[in-house]
Structures are given as C-alpha cells and as structure tokens.
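For reference, the structure is listed below as structure tokens.
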Amino acid sequence: MNIIETSALVKTYKAKGGRIHALDGFDLAVAEGSVEALLGPNGAGKTTVVKILATLARPDAGTAVVDGIDALRDPKAVRRIIGVSGQYAAVDENLTGFENLEMVGRLYHLGVRRARERAAELIDLFELTEAQNRPVKGFSGGMRRRIDLAGALVIRPRVLFLDEPTTGLDPRSRMAMWEVIHNLVADGTTLLLTTQYLEEADQLADHISVIDGGRVIADGTADALKAQIGGHRVEVTLVHAADAGRVQGILARHGAGQVTSSSEGRSLGVRVDNGPAALQSVLGELNSSGIALHDAGIRRPTLDDVFLKLTGHKAEAGADDDELQEAR
Ligand SMILES: Nc1ncnc2c1ncn2[C@@H]1O[C@H](COP(=O)(O)OP(=O)(O)OP(=O)(O)O)[C@@H](O)[C@H]1O
Ligand SMILES: [Mg+2]
C-alpha cells in the first residue's frame, strides 16, 4: 500500500520577473515502511513537496494524500501522524534543548509528565546530554540538526519527513546521523527525505526520485539509477605531465566514454562500466609502462553526473540567496 501519494502537484510563487514554477506536475508514490529519497539540486522543488505533504503549504493544483488522509482537506488529521524536520526548523532559540522538546510534546497534548519523559528519552537517543540545559542559540550546526530531528520524533510518527537532514554537517556527524536514521526506520516508520547527495540517498533510501524543475525526471533504486548513469569513473593523477599522451591512450582503451583531463593535463579520467576491474587493469598497464602516479582511484557517480546524463545540463543552483532565505 502507498502511504504517501501525490498526483500532478503544481505550485507557483510570484517573483519579480513573473512566476516561479516550484512544482510542475509532481507525482510520487511511497510504499508503507519504505525510505524514499527526493534527490535534486538547489531550487528543484524538494522543500516545496515536503511542505505540501506536511500541510505547511498548499498547492495550486493536484492532490496529496498521507496514510489515506487528504492533506488538503484534512490537514489537522495529517499533522497528528507525521513528524517533520527541516530547513524551516522551528526551534525557539531562547529555550534550552530540553525545553524545546518538552514544548513540542505539550503542543501535541502529551501532558507535562509524559512530555518531560519523552524529551529525556530523545536527549539520550541523540546524545545531547551536555547540551540539554543550554539555550539552542549557542548550539553548533550539528547539535541543531539533532535537536531538530529529535523534535520530529516526539510523537513517534507513522510518517517522517526530513528535509536535508545532513546538509552542513561534517563527515563524522553525517555518518552518526545516518546511523540514527537507520535505526529509526528499522521499526517500520515510513521516511521521506530530501538530499542533494547521491551518496546519502544511496545509504538510506530504498527508492530514489530524482527531481529537477519541479518534476520527477528519473526514479528507481540506487543501483538502477547508477546503472543508468553508467558505472564509475577511473581517475589518475600523474607525477610527470609529459606522460599524459600515453596515459590518454591507455584510459581510452579501458574506458566506456571520452577521456577527460584537467587544464594542466596531470589528472585524467574516464567513465568505466566495471570500476574495480578497470582500475586494476589500468594500474597494471601504467605500472608496466613505468608511469609514476601521485594518485589513482575509482569514483562513484555524483549528483552532477546524474544530472549531466539525465538532463544534458549541469545541476545548477536555481535560487538566489534572497529566495533561499524566504524559502527557509
Ligand atoms: N516562499 C517562496 N517565495 C518565492 N519563491 C519560492 C518560495 N519557496 C520556494 N520558492 C522557489 O521555488 C523553487 C523551488 O524551491 P524549493 O525550496 O522547493 O527547492 P529545494 O529543492 O528545496 O532547494 P534547496 O536545495 O535549495 O533547498 C525555487 O526556485 C525557489 O526559489
Ligand atoms: Mg530545500
């Protein structure tokens, strides 16, 4: 059964030079108990989708249904079963971490004692013990993300929306956050998350919808999308730029596309179908030709590669800073 369904969502915003089509016929179906990632660049429409499903914005046209409830007709009923955390985070800067979580519990009518119990459980779960009695305004970015996510979990939602849960986190905090999210969904919560990172979608999601210009331009499992994008890239960095010509020839023989090189010619790369096998044979040949390397490796496709392949254009920021402020 699909616990989230949208059909033909349209949302436009007035802007200086006319109207911005934030969503332009957006369709989505998410199976109960699964993790869905909306993957797309700045301005693709990710936050707009989350806001509509979380009843924080209304579309101009189309339908949005969460757990069988029409989000446009009965937003209150939807709010009772969802948790949401994101770019528009509503924490009170002057309250402490603990007080913020307690306040969310009270907003959900948990009662003082239960609200405090739940706040304490979440402080534990998110390892915020040291921060719990400090005002949120002094929190680091990573602590903010955690308190924000904790806030979304106060009522153990059936459906959880996380808008860019790890943007701005350092690699260690990002991995810790992935771990927390993994554990959360293990108990059957349906999760819709947005991200700009293919790797994040890959780590967390059962199914990915790639969005651009307010609509889904491709979808499938991470493996299926990557197969569509085309395997890996092999990249090497030379000690001597003079070797570039020979290396170009070797890469061309093993690659499945055009060999690209950096402007000063020392770094070269090519798309390959089987990354590890191609890297091994390229290294073998470079070694027997006596070519010295600074660096060599295989790289997974990035979001830029996905976009280049799917749309023929680069994933460029679609919103300037003013608009972003407003969208937050
Ligand atoms: N309140 C608003 N007023 C005007 N334009 C808006 C508003 N909210 C969003 N937009 C515009 O709608 C488009 C989609 O925005 P949205 O915030 O959904 O993108 P996003 O995919 O979440 O981007 P990001 O990765 O930057 O968060 C953008 O062009 C944005 O500028
Ligand atoms: Mg956004």
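Just one of the numbered conditions (1) over 27 Å from the mean Cα position of the chain (by Cα); (2) within 16 Å of ligand 1 (Cβ to nearest atom) is not true of residue 115: (2). From the list 73, 80, the lone residue that is assigned by TED's automatic domain parsing to the domain that holds residue 142, away from ligand 2 (no atom under 13 Å from the Cβ), under 14 Å from residue 159 (Cβ atoms) and not hydroxyl-bearing (Ser, Thr, Tyr) is 80. Taking region 236-261 as the range and being surrounded by fewer than 14 Cβ atoms within 10 Å (Cβ to Cβ), within 28 Å of residue 226 (Cβ to Cβ) and not hydrophobic (A, V, I, L, M, F, W, C) as the test, the residues that pass are 249, 253, 258. Only one entry of 39, 56 meets the criterion of being out of contact with any strand residue (DSSP E or B) (no Cβ under 6 Å at 6 or more places or on another chain), of a type outside the set (S, T, N, Q) and within 22 Å of residue 167 (Cα to Cα), and that entry is 56. Of the strands (runs of 3 or more DSSP E) contained entirely in region 183-239, those carrying at least 2 residues that are within 27 Å of residue 270 (Cβ to Cβ) fall at 207-212, 215-220, 232-238.
Annotation for region 138-148: at least one member residue is within 16 Å of ligand 1 (Cβ to nearest atom) and surrounded by fewer than 16 Cβ atoms within 10 Å (Cβ to Cβ).
Scanning region 196-209 for residues that are within 15 Å of ligand 2 (Cβ to nearest atom) and either surrounded by fewer than 18 Cβ atoms within 10 Å (Cβ to Cβ) or closer than 11 Å to residue 44 by Cα (or both) turns up 196, 197. Could you list all residues from region 26-43 that are buried (at least 24 other Cβ atoms within 10 Å of the Cβ), at pLDDT below 95 and of a type in the set (Gly, Ala, Ser)? 40 - this is the single residue of region 26-43 that is buried (at least 24 other Cβ atoms within 10 Å of the Cβ), at pLDDT below 95 and of a type in the set (Gly, Ala, Ser).
Is it the case that residue 70 is at pLDDT 95 or above, surrounded by fewer than 16 Cβ atoms within 10 Å (Cβ to Cβ) and in contact with a helix residue (DSSP H, G or I) (Cβ under 9 Å, 6 or more places away or on another chain)? Yes: the conditions hold for residue 70.
Contact annotation: residue pairs with Cβ atoms under 7 Å, 6 or more positions apart or on different chains, pairing a residue in region 117-130 that is modelled with pLDDT of 90 or more and surrounded by 14 or more Cβ atoms within 10 Å (Cβ to Cβ) with a partner that is part of a helix (DSSP H, G or I) and aromatic (Phe, Trp, Tyr), are 119/98; 123/98.
The values are calculated or read from the model by the stated rules, or taken from the named source; none is laboratory data. Worth saying up front: this structure is predicted, and the values here are computed from it rather than measured. Every residue, glycine as well, gets a Cβ built from its backbone with ideal geometry; the counts of neighbours run over all protein chains shown.
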